[in-house]
Protein chains: 2
Amino acid sequence: MAVKYKEIAERLEHDIRSGTFNQVKKLPTEEELMKQFNVSRNTIRKAVSQLVHRGYVYQVQGSGLFLREESSADYINLGSLRGLTQDLSAKSIETNIMDLCVLEADEGLAAQLRCAPGTKLYYLKRLRIVDKEPFSIEISYFKKEIVPYLNEEIASNSVYEYLIEDLQLHIGFADKVISCEKVDASSAELLHIEPDNPALIIENTVCLANGTIFEWSKSIFHFRKAKILNRINFK
Amino acid sequence: MAVKYKEIAERLEHDIRSGTFNQVKKLPTEEELMKQFNVSRNTIRKAVSQLVHRGYVYQVQGSGLFLREESSADYINLGSLRGLTQDLSAKSIETNIMDLCVLEADEGLAAQLRCAPGTKLYYLKRLRIVDKEPFSIEISYFKKEIVPYLNEEIASNSVYEYLIEDLQLHIGFADKVISCEKVDASSAELLHIEPDNPALIIENTVCLANGTIFEWSKSIFHFRKAKILNRINFK
DNA sequence: AAGTGGTCTAGACCACCGT
DNA sequence: CGGTGGTCTAGACCACTTC
């Protein structure tokens with residue numbers, strides 16, 4: 001990571017998360033940060049705008065740079081790539097692999113992934129267990145052309161860590177569709193809830209930085225245990 | 001709006017929405033935009049980054065600026081201030097005011113709004129009807145100190161348009177918590193669904209640009225009709 | 001090699017907050 | 001009024017895509 005503004009943003013994010021500014025609830029001024037990191041003002045402003053987007057701070061013209069309140073509960077964060085591991089860091093997380101194989105896209109999957117029917121895909125179904133209780137079911141399809149190899153060991157840990165660090169994929173953007181349904185019988189059993197109970201659903205279409213779709217997934221969450229937090233900035 | 005990059009972003013957003021670039025699926029290069037709007041490169045880049053953030057386009061280094069696919073269905077957009085009116089623009093939207101009054105914050109509301117119990121609040125409950133069918137129930141509390149006046153006429157249209165254009169409030173950021181519950185009996189009746197059916201819930205804490213909380217709201221959506229779309233950018 | 005976006009600098013001036 | 005963010009410019013150099 002040779003990029004200055006990203007390094008500064010990561011450094012500040014780390015400091016915020018470890019409570020460095022909790023007393024004053026305020027970050028140093030832009031001028032102080034310029035001196036501290038020995039970079040130009042625009043570079044500081046670019047680093048800070050990353051923290052704003054991630055929901056850590058807000059800027060007030062003429063006044064300063066303030067910490068946003070920490071969210072007390074454990075929420076799922078839509079914007080993070082690392083998924084549950086980072087969001088629910090205080091909890092114990094286990095993963096059961098229910099299924100992992102290569103298959104060929106049918107009409108429906110081909111439409112979701114914008115590829116020809118018959119395209120080879122990795123199919124992965126996992127049960128996520130948080131604090132010893134079933135939390136969610138995650139069903140993912142990856143284009144094999146882009147993710148040429150996957151095994152149970154990788155799928156038991158963070159798939160995205162593997163995609164980014166080992167396969168060196170550049171992940172660009174995603175569409176997430178959030179909805180709510182009655183849970184089907186087999187999912188109800190896995191999640192230890194009654195059939196016809198509600199379930200929170202996230203369908204996720206993920207693209208590389210160059211715009212190519214490489215994953216489509218559907219996650220089914222236990223309706224009492226999962227809440228999603230989204231921090232929005234206007235302006 | 002004397003700010004150049006915002007004007008350029010709005011102009012480009014309008015052009016994108018009206019299909020100007022649909023043939024090529026690409027925007028002009030930064031250099032062309034610089035000439036077209038007669039501004040510096042950084043100003044163009046700032047305008048473009050707003051479009052990226054709103055999910056309209058993605059940038060590919062060395063290649064260009066591309067349109068993201070339009071989402072086919074009618075989704076609720078978490079990032080917009082205007083709410084349903086803009087998101088579901090193709091549909092007919094009606095609003096029934098169920099309740100509108102001033103009350104004093106109890107312990108629970110005081111905690112949500114970070115104010116003293118007894119603080120005066122506007123309470124507003126509305127039923128939103130889309131294409132002649134009940135779509136959602138919205139319950140809002142506004143600090144009267146910040147929103148000193150509200151009436152049925154304003155509440156029948158866009159409250160946020162009134163807050164921004166008439167009261168000149170500067171809205172800064174919001175925390176949105178999305179979850180899923182079994183619907184209660186009275187809400188079920190309003191939404192024309194069976195009791196115990198699922199409901200999609202958004203709880204919303206909204207702050208002014210200076211960080212003051214001024215609204216807390218809870219929206220209960222018809223689980224078959226409401227889907228939320230969130231477009232995420234990494235990097 | 002040419003085209004196009006990504007990062008970074010240095011400096012100017014404006015707008016808003018607080019004392 | 002001084003302090004602090006917000007906007008804007010002009011120019012340099014780097015990194016990636018495309019041909």
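The values are calculated or read from the model by the stated rules, or taken from the named source; none is laboratory data. This is a predicted model, so every value here is computed, not measured. Positions of Cβ are generated from backbone atoms using ideal geometry, with glycine treated the same way; all protein chains shown enter the neighbour counts.
The figures follow:
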{"item": "Filter result (away from DNA strand C (no atom under 12 Å from the Cβ) and within 13 Å of another protein chain (Cβ to nearest Cβ)) within the stretch B:27-50", "result": "B:Q50"}
{"item": "So B:E138, is it touching a Lys or Arg at 6+ places or on another chain (Cβ under 7 Å), more than 8 Å from chain A (Cβ to nearest Cβ), crowded, with 17+ Cβ neighbours inside 10 Å and among the charged types (D, E, K, R)", "result": "yes"}
{"item": "Residue check, B:E138 in a helix (DSSP H, G or I) and closer than 16 Å to B:I97 by Cβ", "result": "no"}
{"item": "Residues of the stretch A:57-72 that turn out to be facing chain B (nearest Cβ under 9 Å), in contact with a strand residue (DSSP E or B) (Cβ under 7 Å, 6 or more places away or on another chain) and over 30 Å from A:E215 (Cα atoms), as a count", "result": "5"}
{"item": "Residue within the stretch A:73-96 that is within 12 Å of another protein chain (Cβ to nearest Cβ), closer than 24 Å to B:I171 by Cα, surrounded by 16 or more Cβ atoms within 10 Å (Cβ to Cβ) and within 16 Å of DNA strand D (Cβ to nearest atom) present", "result": "no"}
{"item": "Test result for A:E203, more than 16 Å from DNA strand C (Cβ to nearest atom) and surrounded by fewer than 16 Cβ atoms within 10 Å (Cβ to Cβ)", "result": "no"}
{"item": "Tally of residues being touching a Pro at 6+ places or on another chain (Cβ under 8 Å), surrounded by 15 or more Cβ atoms within 10 Å (Cβ to Cβ) and not in a strand (DSSP E or B) across the stretch B:160-196", "result": "4"}
{"item": "Restricting the stretch A:1-26 to residues that are within 11 Å of DNA strand D (Cβ to nearest atom) and within 12 Å of chain B (Cβ to nearest Cβ), the residue that is surrounded by the most Cβ atoms within 10 Å (Cβ to Cβ)", "result": "A:K26"}
{"item": "Checklist (1) in contact with a strand residue (DSSP E or B) (Cβ under 8 Å, 6 or more places away or on another chain); (2) more than 14 Å from chain B (Cβ to nearest Cβ); (3) farther than 23 Å from A:A188 by Cβ applied to A:D106, failing item", "result": "(1)"}
{"item": "Residue within the stretch A:198-216 that is at pLDDT 95 or above, small (G, A, S) and in a strand (DSSP E or B) present", "result": "yes"}
{"item": "Residue satisfying all of: in the stretch B:1-31; among the aliphatic types (A, V, I, L, M) and in a loop (DSSP other than H, G, I, E, B); nearest to B:G55 (Cα to Cα) among these", "result": "B:L27"}
{"item": "Residue check, B:M34 loosely packed, with under 15 Cβ neighbours inside 10 Å and free of Cβ contacts under 8 Å to residues at least 24 places away in the same chain", "result": "no"}
{"item": "Residue list for the stretch B:208-220, filter: within 12 Å of another protein chain (Cβ to nearest Cβ) and either buried (at least 21 other Cβ atoms within 10 Å of the Cβ) or among the polar types (S, T, N, Q) (or both)", "result": "B:N210, B:T212, B:I220"}
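Yes or no, residue by residue, for (1) in contact (Cβ under 8 Å) with a residue 40 or more places away in the chain; (2) under 29 Å from A:I232 (Cβ atoms); (3) in a helix (DSSP H, G or I); (4) among the small types (G, A, S):
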position: A:V39; (1), (2), (3), (4): no, yes, no, no
position: A:L65; (1), (2), (3), (4): no, yes, no, no
position: A:E70; (1), (2), (3), (4): no, yes, no, no
position: A:S80; (1), (2), (3), (4): no, yes, no, yes
position: A:E94; (1), (2), (3), (4): no, no, no, no
position: A:G108; (1), (2), (3), (4): no, no, yes, yes
position: A:R126; (1), (2), (3), (4): no, no, no, no
